[in-house]
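We did not get these values from a lab; they are worked out from the coordinates using the rules stated. If you're wondering where the values come from, they're calculated on a predicted model, not measured in any experiment. Here the Cβ is made from the backbone with ideal geometry for all residues, glycine too, and neighbour counts use every protein chain on show.
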Amino acid sequence: MESSPINRLPPDSLHQIFSSLPLRQIIICRSVCKFFNHLLTSQPFTEIISTRPPLNLLALRPPHHHRHHHAANPQPCINVYDPDENRWLRFNLDFLPFRSPQPVASSNGLIYLWGDSVNSVDSSKSLVACNPLTRQFKVLPQLGSAWSRHGTVLVDSVNRVMVLTELAALYYSGAVVANQWLKFSSNLPSKPRSPVLMSTSVFALCDVGSPWRSQWKLFSCRLTSLAVTHTNWTCLEKHEWGDIFDIIKRPRLLRGEGESKLLMIGGLKSTFSLNPACSTILILRLCLESLEWEEAGRMPLEMYRGFQESSKFKVFGGGDRVYFSAKRMGKLAMWDCWEGWRWVDGVSGYGDGLCRGFVFEAKLTLMQ
């Protein structure tokens, strides 16, 4: 490449040429040679394409056994699936000075992960924001290790971060003036299930039933309520909803498309008995503006048969795509609100087949 005529072109001309390529092709070109990698990761080029729409990918969390055996993953990376190209990709995380990074959430081109400091003698973890495409990272203010074990990390579209447990919530806005975590009481009736941070509110499911029969309710809290001593959670319910929460077994919440849609996914109960079997998996969509539910999707019976044999399954994703995994499945089921249902093959590294993940909107933008 050193003798190639392309080296004689000025950088500005090369930037204009490569900026006409789709983001997927730019990422591929970066791995061609050192010259392309330096050119396409430079700040001037990154600023040119910073307004490009992101790639909507699915990032998988590492298998559980990687969390306890550092040697199992000597070169940390994150596996992602590109649903538009139906292919798996791998982004290296070797630029991070942390042991056993554990990706947990993503928003606006950044991935958030827990990492053990290389120089630390104890097991204290830091919450880190990074962009695998630009290989930049930022360490958020220090947290106690208990938060990484018991807290759920939530991030919204403007990179506000919340770590939520049943008893307390930590909130970080990233503001320069208040570069610290704010701590508040959660005041929830039970452990929050699959909380979601979107728009101006946090949403979570809570079981308010008895020890022998679950009764799920949807709770929300506006971010402005975090300014008070006790977080003000409100139970969202309408008489018109009827038995909407009684027909779903083991419900989960996911962010819907845009900032006004919330998805609830779970097994569709065949009866109202104490421990009923399910006939399929149902996806419901709530419009946060009108507070009206609608059915968004129902897993085909031939696909659901694979989940019937498993005692446990995971739901992840969000937006216009939802993914499902189950023990001994070896592949993912995917729901696309535009194209329907299909299988995703190529999942590897999960011995029991049970994997989890999150939406990764990949962007070539520089961190502030």
Completion exercise
Cα-Cα longer than 29 Å, checked against Lys125/Lys191; Lys138/Lys217; Lys191/Lys261; Lys191/Lys363; Lys269/Lys327, kept in input order, equals Lys138/Lys217; Lys191/Lys363
Fill in the blank from the handout: Helix-only [θ] at 222 nm, the chain, -39500 (n - 2.57) per DSSP H run of 4+, per residue, nearest 500, equals -3000 deg cm²/dmol
Handout entry: the chain, relative contact order in percent, only Cα pairs under 8 angstrom and at least six apart counted
Key = 14
Practice task
Could you check the simple spin-label distance between Arg213 and Ser19, using points 7 Å along Cα→Cβ, in nm with one decimal?
Solution key: 6.4
Handout entry: Whether the stretch 244-368 is rounded, prolate or oblate, judged on the alpha carbon gyration tensor where a/c under 1.5 counts as rounded
Key = oblate
Practice task
State the extension gain, in nm to one decimal, for the chain segment bounded by Cys287 and Glu259, taking 0.36 nm per residue of separation less the distance between their alpha-carbons.
Solution key: 9.1 nm
Completion exercise
The FRET efficiency for Arg8 and Gln43, from their Cβ-Cβ distance with R0 = 22 Å and rounded to 0.05, is 0.50
Completion exercise
Most packed first (mean Cβ within 10 Å per residue), the peptides 155-166, 355-366, 206-217 order as 355-366, 155-166, 206-217
Problem - Relative counts (whole %) of C-alpha pair distances in the chain, using bins that are 20 Å wide - result: 26, 57, 16, 1
Completion exercise
For Thr271 and Cys29, extending 7 Å from Cα along the Cα-Cβ vector and measuring point to point gives, in nm, a value of 6.3
